[in-house]
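Every read-out reported here was derived from the displayed coordinates using simple, explicitly stated rules and does not represent laboratory data. Predicted model only: the values in this text are computed from it and were never measured.
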Amino acid sequence: GDTGPARRSALGSVADFSVRFRWLVIIGWLLLVVLAVVGKNAAGGSFANDLSVSGTDSQTAYETMEQRFPDLSGDPMQVVVRADQGIEDPEVRASVESALSNVHAGPDVAAVSSPYGPGAIVSEDGTTTIVTVVFDQTAKDIPPASVEAAQVAAADIRAVGAEVEFGGPAAETESGPS
């Protein structure tokens, strides 16, 4: 065996230095954190939630919609309603129609589809429907209070025991980086 003095590992040397010069190590780490924050603020750009790319087919289609149907060129929010008794149940139907009327009367809402008219999206068993709420602006420009008002009005459907969930660009907007 080896009877000579034990050789220190690199990690042991770092640990020994950190213990001997603990204040220097703490100041060094704090300085590193401050430099990282300052560097991030200096080099980091501003957050942009704008998905338009000029010259693309989808941007051309959006611009055409905006010119010909300005009230319907905004982004949608889907409202999914599920009722075990079925959406055709008279109590559920009355609640859905009342709530959707309130949603449509809300701020910045351009259109609301009906689960009881032509083109309605209803599950085969009749218990689930998807209603589309179209706002008059793109998701990044819709005031959060307008989206919240639509969600609160639609949530009234829960009073009859139905489940209500929200999705789509308008419901998932971010006001900044997460």
### Query
Between residue 114 and residue 43, what length in nm is gained on full extension when 0.36 nm per residue of separation is reduced by their alpha carbon distance?
20.7 nm
### Task
Work out, step by step, the length gained on full extension between residue 105 and residue 145: first 0.36 nm times the residue separation, then minus their alpha carbon distance; give nm to one decimal.
13.0 nm
### Cα-based Rg of region 106-178 normalised by 2.2 N^0.38 Å, two decimals
1.19
